[in-house]
1. Pull out all pairs, ordered by first then second residue, where Cβ-Cβ is under 8 Å, the residues are six or more apart or on different chains, the first lies in the range 270-285 and is in contact (Cβ under 8 Å) with a residue 60 or more places away in the chain, and the second is surrounded by fewer than 17 Cβ atoms within 10 Å (Cβ to Cβ).
2. Are any residues in the range 85-110 of a type in the set (K, R) and loosely packed, with under 15 Cβ neighbours inside 10 Å, and if so, which ones?
3. Cβ-Cβ under 6 Å, sequence separation 6+ or interchain: first residue in the range 120-138 and closer than 20 Å to H153 by Cβ, partner in a loop (DSSP other than H, G, I, E, B). Which pairs?
4. Which residues, taken from the range 1-11, are farther than 17 Å from T255 by Cα and either part of a strand (DSSP E or B) or free of Cβ contacts under 8 Å to residues at least 60 places away in the same chain (or both)?
5. Just the residues that are over 18 Å from N154 (Cα atoms), without any contact (Cβ under 8 Å) to a residue 60 or more places away in the chain and either acidic (D, E) or crowded, with 16+ Cβ neighbours inside 10 Å (or both), please, taken from the range 355-373.
6. What's the total number of residues in the range 48-60 that are touching a strand residue (DSSP E or B) at 6+ places or on another chain (Cβ under 9 Å) and either open to solvent by 10 Å² or more (accessible area, probe 1.4 Å) or at pLDDT below 95 (or both)?
7. Taking A150 as the residue in question, decide whether it is of a type outside the set (D, E) and under 18 Å from F49 (Cα atoms).
8. Go through Y97, Y85, Y28 for me and flag whichever is over 21 Å from V219 (Cα atoms) and modelled with pLDDT under 95.
Amino acid sequence: MQYRPLGKTGMEISVVGLGAEHLDNKPYAQVEETVHAALDHGVNIMDCFMPGDEIRTNLGKALAGRRDKILIQGHIGSVDLKEQYDVSRDLQICKQYFEKLLRCLDTDYIDFGMLFFLDTQEEIDAIWASGIVDYARELKQKGVIRAIGASAHNPDTARRLVAEGLVDMMMFSINPAFDMMPGRTDVQDMLTGAHLSQQVTHIDPRRAEFYRLCESRGVGLTVMKSLGAGKLLSAEHTPFAKALTPAQCIHYALTRPAVASVLAGCQTRAEVEAAAAYVDMDDAKRDYSDAISAFREDGKGGFKGSCVYCNHCLPCPSEIDVASVNKYLDIAKLDETHIPPSIVQHYKALSSHGSDCVECGSCEERCPFGVPVMDNMRRAAKRFGV
């Protein structure tokens, strides 16, 4: 494994980390196998944003006796009120869930205390007004957390967090589809810098500015959404002329300034081994320049309006698992004439369906990627008949 310093935190992290979200609702044996595989391959950073007791307890059990081998990102503000993923800016609720995270993981400290899901100025204002920022700083002063971080998808909001000196590090969504701007030929802000091995044009200047600011301020980045929920790996769904490989996606993110680790969403030992194999690949297999050199001529693809199954749209008043509905709908779209019976079964086994949508619109307000959720719910109801 290879390691990089995470900004000025004083901690070095593996270039391939573990994003544990796909272990949620999995049996303990699978959680243990995946976590142990990561540790065995030298992975030393893991993100746990999931608020449920079961997944947190399973992760803590899997880390028993090896807690000192892993750096944990634990989130302040990630809750599951009414048993659905949600974001809270209520200080007492945030305290309750963070203290429960410590108990479930059977640890007395979290390495990176992450201010959860800050994508608007209103969200930033809320964590100040509620006392959550002061709470995080108090935790750091007491040594309960070692560094203050934040998770975000919006480069403008993320840039403000860094510019104001609020965070020591950040988790940010990075992949070439998020970074690139099709059709723009006048962009002068190409990314350059110590960690960039290949020049890439058409970078959104706001994102380029954010990466450079992090580099200059010593604010390290960990990466989520590097594969774009697998869409970058699909010739059908990628916005580029060619599908990328996981190694190319990992390498792309690692060549952004300030990036220290890509947190791969793994749920099996084999997936961990496939991600960890990146470090032993030669430059030819890592090279992404040809794959992203041209966009698809048909104009299809892209991520604006596409669900990446992050569940930031929740909670839903009808208790719809929006990410799962969108996922099954996306799979159904792969073949307009036939839906695999297993997908129909999985969809119908959901406790709520697209037909239960009351079109309140709160999901679309929360979505960081502009997904037309209400329209997707109508399409799913029609496609699956419920």
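1. Between residues of the range 270-285 that are in contact (Cβ under 8 Å) with a residue 60 or more places away in the chain and residues that are surrounded by fewer than 17 Cβ atoms within 10 Å (Cβ to Cβ), the close pairs are A276/M1; A276/G42; V279/M1; V279/Q2.
2. R103
3. I124/L118; A126/R89
4. Of everything in the range 1-11, just one residue is farther than 17 Å from T255 by Cα and either part of a strand (DSSP E or B) or free of Cβ contacts under 8 Å to residues at least 60 places away in the same chain (or both), namely G10.
5. Residues satisfying the conditions are D356, C357, E359.
6. Number satisfying all stated conditions: 3.
7. yes
8. When all the criteria are applied, what remains is Y85.
The values are calculated or read from the model by the stated rules, or taken from the named source; none is laboratory data. Quick caveat, the model's predicted, so the values are computed rather than measured. Glycine also receives a Cβ, built like all others from the backbone with ideal geometry; neighbour counts cover every protein chain displayed. Ligands, DNA and RNA are excluded from the accessible area calculation, which covers all protein heavy atoms including side chains. Shrake-Rupley method; radii C 1.70, N 1.55, O 1.52, S 1.80 Å.
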